[in-house]
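Below is one structure, written out as structure tokens; comments come after it.
The values are calculated or read from the model by the stated rules, or taken from the named source; none is laboratory data. Because the structure is predicted, anything quoted here is derived from the model rather than measured. Here the Cβ positions follow ideal geometry from the backbone for every residue, glycine too, while neighbour counts run over all protein chains shown. All accessible areas refer to the heavy atoms of the entire protein, side chains included, with ligands and DNA or RNA removed. Shrake-Rupley method; radii C 1.70, N 1.55, O 1.52, S 1.80 Å.
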Amino acid sequence: MRILFCASEAVPYAKTGGLADVAGALPKALAKGGAEVMLALPKYKQVGFQVEERIALGENDFLTVGESPVEAIEGVKVLFIHQDEFYLRDSFYGYPDDGLRFTLFNKAVLSFVKKLNWKPDVIHCNDWQTGLIPVYLNTMLREDPFYKGIATIFTIHNLAYQGNFPYELLNIAGLPPELFRFDKLEFWGQVSFMKGGIVFSDLITTVSPRYAEEIQTPQFGAGMEGALSYRKDKLRGILNGIDYEVWNPAKDEFLPVPYDGSSLERKKENKKFLQKEVSLPQRDVPLIGMVSRLASQKGFDILLSAMDVLFEKDLQMVILGVGEKEIEERLKEMSLKYPDKLKVVIRFDERLSHLIYGGSDIFLMPSLYEPCGLGQMIAMRYGTIPVLREVGGLADSGEEFNHHKNEGNVFFFKEYSPQALCGAVEKALEVYGNKEAWRSVQLNCLKKDFSWDASAKKYLEVYKEALELKRKEEK
Ligand code: ADP
């Protein structure tokens, strides 16, 4: 099977969050399983290599850009879409012309596969930045023989980012005005990339079974619940995996003392190193870690309200993240109030993230909503016990620890409140106080399999199903 995987970020080239982890790992896993995979990405400033080869598209083509496919990651070809004026910027997103930037990306991807005469069986689109690809295929390109029979999958990694733009986007994208309807691209008076993906793809997936249910409700649907419920028989939830080569405590080059399940006591050395690294006192107290975008989605409001109560206890916390200025400011203020207990590091730092996963005892994710979440899986792989709000993919990642049966691997709280958060931390601390029980939770975490192989198989099933649907539809 030939798969074209389209995303706006992918490890190791460009990353702001979990999408990049998925787009870096899933194509590799699919290739390992025998599929022929091409990954398409914008060529941002941050993609740090020179372009050696450029292929120009002809005058009459859909669009003119250059590209450079390189054999980059284990059997996956990477197609970089160049448009220096649009992609060579300091950030990947957040510009007034984002609509145009990603329209161009979508068009360029479709043009290039034709130019290269590389016809995929399936195009796997991810999040709003690729939402127009299924739209083009099912409207303007519908009669083009090259594109006939290509099935599209649209994966929602986070429904809150929708790519909604003023009506003019239709003109910019060269799409017909008939598409400006509530059951097509129109969304509250705007043109929505996300809605395009939801309405026009053959199958929709999202990154956990629980989130697939949640997004059909007004509470989690971000206004798209109607469109999603309407297509619910085409909606699947597949839990993400994590890259077991990148995230491996036994071979982690960032950890001063690598370890595995038989040498868990070595975690202590990494904890000391982490404490030194972030200038926390090197004391033997529970250390809670967080690695997270500083976005309101991630539960910082309840965490900040809980901190005065949390820091009455003898514990430490280290938070690594960048994002919303207000959250950054409030966290910094707190760290000044509790200098021996709380360290806040405001930057994106791959190395420090590894140290936190490896060196912390507890990993906290108090999210308001969480499509999948990778931090909790990475933490479990490192024997670092998650304290999680029981929502979305967090709910699907583990089971509450049961002290009597020694079963389970996480500590959950349900209600979105500072009190509930403190309650779950307290549950964890109580077990932490019992060395043997804590070791059981750690070993239960290490037993979980979050490698991509299982999820990749599920995606292959979805691809086959989508192809089947496409065949029937075109008959
Ligand atoms: P989201 O995609 O919503 O940001 P996920 O939990 O799915 O959340 O994925 C977050 C990923 O980004 C994890 O791999 C996490 O380690 C990483 N990450 C987030 N913030 C930082 C940071 N400041 N420095 C390094 N890695 C980070």
So which of L364, L421, L388 is free of Cβ contacts under 8 Å to residues at least 60 places away in the same chain and open to solvent by less than 10 Å² (accessible area, probe 1.4 Å)? L388
Considering segment 321-333, residues that are touching a residue at least 24 places away in the same chain (Cβ under 8 Å) and within 16 Å of the ligand (Cβ to nearest atom), and then whichever is most open to solvent (accessible area, probe 1.4 Å), we arrive at E324
So if I check each of Y459, Y463, Y416, which one is in a loop (DSSP other than H, G, I, E, B) and either β-branched (V, I, T) or surrounded by 15 or more Cβ atoms within 10 Å (Cβ to Cβ) (or both)? Y416
Hey, among the residues in segment 260-307 that are touching a Gly at 6+ places or on another chain (Cβ under 6 Å) and within 15 Å of the ligand (Cβ to nearest atom), which one's most open to solvent (accessible area, probe 1.4 Å)? R293
Might you let me know whether segment 241-254 holds any residue that is without any contact (Cβ under 8 Å) to a residue 40 or more places away in the chain, in a loop (DSSP other than H, G, I, E, B), of a type outside the set (G, A, S) and buried (at least 18 other Cβ atoms within 10 Å of the Cβ)? no
Could you tell me whether any residue of segment 410-423 is more than 11 Å from the ligand (Cβ to nearest atom) and of a type in the set (V, I, T)? yes
Yes/no for E186 being modelled with pLDDT of 95 or more, of a type in the set (D, E) and closer than 29 Å to M377 by Cα: no
In this structure, is L446 modelled with pLDDT of 95 or more and either assigned to a loop (DSSP other than H, G, I, E, B) or under 22 Å from the mean Cα position of the chain (by Cα) (or both)? yes
Among residues of segment 334-356 being touching a strand residue (DSSP E or B) at 6+ places or on another chain (Cβ under 7 Å) and within 9 Å of the ligand (Cβ to nearest atom), the residue nearest to R266 (Cα to Cα) is I356
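Table: residues versus (1) assigned to a loop (DSSP other than H, G, I, E, B); (2) of a type in the set (A, V, I, L, M); (3) touching a His at 6+ places or on another chain (Cβ under 7 Å); (4) surrounded by fewer than 23 Cβ atoms within 10 Å (Cβ to Cβ).
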| position | (1), (2), (3), (4) |
| --- | --- |
| A108 | no, yes, no, no |
| S111 | no, no, no, yes |
| C125 | no, no, no, no |
| Q129 | no, no, no, no |
| M140 | yes, yes, no, yes |
| G149 | yes, no, no, yes |
| L170 | no, yes, no, yes |
| R181 | yes, no, no, yes |
| G197 | no, no, no, no |
When (1) β-branched (V, I, T); (2) modelled with pLDDT of 90 or more; (3) in contact with a strand residue (DSSP E or B) (Cβ under 7 Å, 6 or more places away or on another chain) are applied to T103, the one that fails is (3)
